[in-house]
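As structure tokens, the structure follows; a few thoughts come after it.
The values are calculated or read from the model by the stated rules, or taken from the named source; none is laboratory data. This structure is a prediction, so every number in the text was calculated from the model and none was measured. Note that each Cβ is placed from the backbone with ideal geometry, even for glycine, and that neighbours are counted across all protein chains shown.
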Amino acid sequence: MKRVDRVVRRIADKRKNIASDMPQDLRRSDAVFSNLHVTAKRAKLPEAVDTNLDLQKLEKVSRLSRTKRAKRRLEVLTRLAWSRVNKSSKFGQIRRLFGRQGEHAGIMIIKPELFGRANEIRHFLNSLGFEVMLTKNVLFDKKMICDIFGDEFRKSYNFAVEGAHMRINPSKVLVFKLLPRKEMYKRSDLLQRLKSEDQEKYREMLLKLNGMSIQEVFSTLIKGRYYGPASGSLRKEVVHPFLNRIGSEAGGELAQKLDVFGYVKGKKFQGIPDWANNKLLWFTGVHAPSEPKELFVAANTLLSDRDLEKLDRGLQT
């Protein structure tokens, strides 16, 4: 029993030293377990009881309790710290300027093959009521391409060729004010045609659009999807006609630069209909984020603090 008393005292002294370095909240639990040790020391235990085993279990319970409490406290402090950082950081500023769901502004990347047509694209957006607040030239590096376009870009297209193309030649970035959802509906050539020609399809389309984010609505109606773009959209009226003129078909100038190995021409893409035969048009020309998270990543990658200050002034006017 003397040996047990010495072990108990040694553990109690050790825990007091640890408790002195602990935060105030954790000292209470430490004190509770210290009292339990003292109680075990003073109790008259039967000789048949394995005292060492009991002490080990007690120490293990104490250690687990401290770990769980400390972990919960750390999680709370981490969440509070991140909330403070996000409010004052660049990411927090981006969410404030673009909106929590990306409802205030959008970003469009004009790729190198359309760099010379940037003014025409800007005029197209202005004609539909989208005010362009910022334009800048960007030369992409590998990290920027991966951050913005992600793994799908590498899986679906010849990353080496297109990536090299964007890293050698400049792209142009446009930041523009977004119109409210209903205003985009009014300015959509596709929706207005359906409204006058087929009410059932018009209602179906509205139901589908109402389930989309506002960025996705812009990509569907105004920018136009990469295959089968909507009538009156940017891809239908400006992008695809120009890319076809400079040779998007096999053997053309654009195809020779961006599909030198015939990768796009001969590949079948999952979820894309076979009737859309000129697949090179899907991955070229323009890109606009269609989800809030994608938008925030693009803004964080492409825009400097000075750019955000300009946007702040522009959105306030």
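Within segment 242-258, the set of residues being of a type outside the set (Phe, Trp, Tyr) and at pLDDT 70 or above comprises Leu243, Asn244, Arg245, Ile246, Gly247, Gly252, Glu253, Leu254, Ala255, Gln256, Lys257, Leu258. Screening Cys146 with (1) outside any loop (DSSP other than H, G, I, E, B); (2) touching a residue at least 60 places away in the same chain (Cβ under 8 Å) gives one miss only, at (2). Of the residues making up segment 70-78, at least one is surrounded by 13 or more Cβ atoms within 10 Å (Cβ to Cβ), outside the structural domain of Ala299 (by TED's automatic domain parsing), within 29 Å of the chain's Cα centre (by Cα) and modelled with pLDDT of 60 or more. Residues in segment 226-241 that are crowded, with 18+ Cβ neighbours inside 10 Å and modelled with pLDDT of 85 or more: Gly232, Ser233, Leu234, Arg235, Lys236, Val238, Val239, His240. Considered as a group, the residues in segment 297-317 that are under 20 Å from Ile145 (Cα atoms) and hydroxyl-bearing (Ser, Thr, Tyr) include one that is surrounded by the most Cβ atoms within 10 Å (Cβ to Cβ), and that residue is Thr301.
Beta carbons closer than 7 Å, at least 6 apart along the sequence or on distinct chains, pair a first residue in segment 165-194 that is touching a residue at least 24 places away in the same chain (Cβ under 8 Å) with a second that is of a type in the set (Asp, Glu) for Arg167/Asp141; Phe176/Glu131; Lys177/Glu131; Leu178/Glu103.
Scan segment 165-172 and tell me whether some residue there is part of a strand (DSSP E or B), assigned by TED's automatic domain parsing to the domain that holds Asp312 and touching a strand residue (DSSP E or B) at 6+ places or on another chain (Cβ under 6 Å). Scanning segment 165-172 turns up at least one residue that is part of a strand (DSSP E or B), assigned by TED's automatic domain parsing to the domain that holds Asp312 and touching a strand residue (DSSP E or B) at 6+ places or on another chain (Cβ under 6 Å).
Which one of Lys223, Lys293 is at pLDDT 75 or above, under 23 Å from the mean Cα position of the chain (by Cα), buried (at least 21 other Cβ atoms within 10 Å of the Cβ) and of a type in the set (D, E, K, R)?
Of Lys223, Lys293, the one residue that is at pLDDT 75 or above, under 23 Å from the mean Cα position of the chain (by Cα), buried (at least 21 other Cβ atoms within 10 Å of the Cβ) and of a type in the set (D, E, K, R) is Lys223.
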